[in-house]
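The values are calculated or read from the model by the stated rules, or taken from the named source; none is laboratory data. This is a predicted model, so every value here is computed, not measured. Cβ sites come from the backbone with ideal geometry, for glycine too, and all protein chains shown count toward neighbours. Calculation scope for accessible area: heavy atoms of the full protein, side chains included, ligands and nucleic acids excluded. Shrake-Rupley method; radii C 1.70, N 1.55, O 1.52, S 1.80 Å.
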Amino acid sequence: SHPLLCPPGIKCGGVLSAPSGNFSSPNFPGLYPCETECTWLIVVAEGSSVLLSFSHFELEYHDTCAYDYLQVYNGAARDQGNLLGTFCGHSPPPPFSSAWHVMAVVFRSDRHVAKHGFAAAYRKDACGGQLTGLSGEITSPRYPESYPNDAECRWSIGGASGGGPLTLVFADFQMEGGQGCGFDYVALFDGPTVTAPRLGRYCGSARPPRTISSTPHLLIIFKSDFNIGGRGFKAHFYSAGECQEVFTTIKGNFSSPQYPNFYPNNLKCQWSIQLPPGYRIKVFFLDMELEGRSSLTGGCDYDHLSAFDGGTEDGSLLGQWCGRESLAPVTSRSNRLLLVLHTDRNTAKRGFSISYVGVVPMNVSCTRTDFHIQIPMQSLAQLERNRIYLGTPSCAAQVVGRNFKIHTRFDTCGTESQRRNNTSVIVSTLYIDFSVGDQEDIHQYEVQCEPKRKEASVTLIAGPDSSRLSQAENLVDAQQREGEVMDAHEIKSQDTSDIVFISICILAGLLMVIAVVGLVLL
């Protein structure tokens, strides 16, 4: 068909604050103008949501809606984290319910091809509605004021493309109590209707526990009777598919939801890394772009990523980051690490990409002539001893009791002498081969000894991807070295090697004296 030329642009958009209303593209039902951009901001009473529907829809088609398009935002416009969808062509958008009392609609046309546009209607939804975003917030009517009597609200959450199970977290909860919650209550169902399994029924002033659905749908029903109210509740939800993960493998990687596209707003995501006892966890930040620091406080007050040692938010905080930063690796002090992403209501960014590797627990010590390496077998339970070797596969570990052990002289197993910081050191590489089938996965640790001081150290030099692990870090600190426990055999072998070394020195000295005396007498 012949492209339709479009009329000149006109003013459009505005703030819609009535409880209900209608709006349409400029000139509707005629052709909309060229090079036009309109933004409608719909604002209703706090505690309510906006229900938006389209009775007519016809825009220029493009497979990615790059020419003319309509965008619907769950909140103020122009924030990618709140975008519910971008639409064009002849298929109307589905009815939308906002996750709070603000919704924005943006219409844009380019310089070619006009169509008839759209007609839309909205109404203030006193409470409840269909929520399709990846994240959002719901409150009882009139929250934080006392909710009305004889209210019944239904929020049906789900249906977002690519959505996984949903997580619901209550930030505040105060309702009339009572045995069996027969008066006022909130009921949760694991699906889109009341025929789905019930996840819980709550009342009183105790906050309900965090709830995770087993399907991409969750139904929330709020009901009040004819008397005695309360402040009500405030809760937020998010799709848990990319947002709640537990890792137990020796290495792994993960990223913020929708990475490298903008993450959703109003999230609390948790990634828990849990490795066998003795391991520590080293985290590498491959990419990071979150909302920046507060200009008032200089802190990460808006969106931020936090790392907690020990696997819970009660553990010690290893770091908290925001903005666009290039970060050094972080190593846990225990075998559990929790990473938590908080995002607020606006200003989303690209997010982050992270990889981690478990640092194998090992004792490394040395004498003036030998390396001693000991690794608990339980830490490498699935591995044969020949998968652990120093320098070359011929220097594989031996099984001694419940440990893998490597005891080798400096003149074997690929060791070499180097000068570092004007000090002579002996260096070798310990290989631990986790490969399965065709998937090569060999972790490398540099083992170093300073013979004069008999001090050993070990450094992870290659893990999940050696090109990414450029910042090696000494993994045996001074306290650990002081606290090393070696069995009697090792201590004895260290002592005897020292005695032999001293004896050789004394013998060489005596021979030199005899030689000098012999020369004098001649």
In region 184-199, anything surrounded by fewer than 21 Cβ atoms within 10 Å (Cβ to Cβ) and part of a loop (DSSP other than H, G, I, E, B) is listed as Asp190, Gly191, Pro192, Thr193, Val194, Thr195, Ala196, Pro197
Which one of these is part of a loop (DSSP other than H, G, I, E, B), of a type in the set (Ser, Thr, Tyr) and in contact with a helix residue (DSSP H, G or I) (Cβ under 9 Å, 6 or more places away or on another chain): Thr347, Thr392, Thr412?
Thr347
Residue list for region 315-333, filter: out of contact with any strand residue (DSSP E or B) (no Cβ under 6 Å at 6 or more places or on another chain) and farther than 26 Å from Asn265 by Cβ
Ala328
Could you grab me the full set of residues in region 200-222 that are more than 24 Å from Asn74 (Cβ to Cβ), open to solvent by less than 70 Å² (accessible area, probe 1.4 Å) and not in a loop (DSSP other than H, G, I, E, B)?
Gly200, Tyr202
Within region 291-333, restricting attention to residues that are of a type in the set (D, E, K, R) and free of Cβ contacts under 8 Å to residues at least 24 places away in the same chain, which residue is most open to solvent (accessible area, probe 1.4 Å)?
Asp314
Select from region 266-281 the residues that are over 14 Å from the mean Cα position of the chain (by Cα) and more than 13 Å from Gly311 (Cβ to Cβ) and write down the one among them that is least open to solvent (accessible area, probe 1.4 Å).
Asn266
Could you tell me whether region 379-387 includes any residue that is more than 30 Å from Pro276 (Cβ to Cβ), under 40 Å from the mean Cα position of the chain (by Cα) and not hydroxyl-bearing (Ser, Thr, Tyr)?
no
Pro141: passes all of (1) open to solvent by 10 Å² or more (accessible area, probe 1.4 Å); (2) not assigned by the TED database to the domain that holds Lys223 but (2)
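Can you tell which of Leu290, Leu317, Leu286, Leu296 is within 16 Å of Ser355 (Cα to Cα) and not assigned by the TED database to the domain that holds Ile432?
Details: Leu290 fails: within 16 Å of Ser355 (Cα to Cα); Leu317 fails: within 16 Å of Ser355 (Cα to Cα); Leu296 fails: within 16 Å of Ser355 (Cα to Cα).
Selected residue: Leu286, the only one of Leu290, Leu317, Leu286, Leu296 that is within 16 Å of Ser355 (Cα to Cα) and not assigned by the TED database to the domain that holds Ile432.
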Selection within region 65-78 - at pLDDT below 90 and assigned to a loop (DSSP other than H, G, I, E, B):
Asn74, Gly75, Ala76, Ala77, Arg78
Can you pull out every residue in region 21-39 that is under 41 Å from the mean Cα position of the chain (by Cα) and buried (at least 19 other Cβ atoms within 10 Å of the Cβ)?
Phe23, Ser24, Ser25, Thr36, Cys38
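Only strands (runs of 3 or more DSSP E) wholly contained in region 79-175 count here; list those with 1 or more residues that are at pLDDT 85 or above. Quick ask: steps written out before the conclusion?
On the way: elements: 83-87, 102-108, 117-125, 129-131, 135-139, 152-158, 166-174.
The qualifying strands (runs of 3 or more DSSP E) are 83-87, 102-108, 117-125, 135-139, 152-158, 166-174.
Residues that are in contact with an Asp or Glu (Cβ under 9 Å, 6 or more places away or on another chain) and of a type outside the set (Lys, Arg): find the strands (runs of 3 or more DSSP E) completely inside region 16-63 holding 1 or more of those. Even if it seems obvious, please write down each step before you answer.
On the way: elements: 20-24, 37-43, 49-58.
Counting at least 1 such residues, we get 49-58.
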Can you name every residue in region 104-123 that is surrounded by fewer than 23 Cβ atoms within 10 Å (Cβ to Cβ) and of a type in the set (Gly, Ala, Ser)?
Ala119, Ala121
Suppose we keep only residues that are under 16 Å from Gly85 (Cβ atoms) and touching a strand residue (DSSP E or B) at 6+ places or on another chain (Cβ under 6 Å) within region 43-62. Which one would you say is surrounded by the fewest Cβ atoms within 10 Å (Cβ to Cβ)?
Ser53
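Out of curiosity, is Val106 at positive phi and not assigned by the TED database to the domain that holds Ile228? It would help to see each step written out before you state the result.
Details: at positive phi: no; not assigned by the TED database to the domain that holds Ile228: yes.
No, not satisfied.
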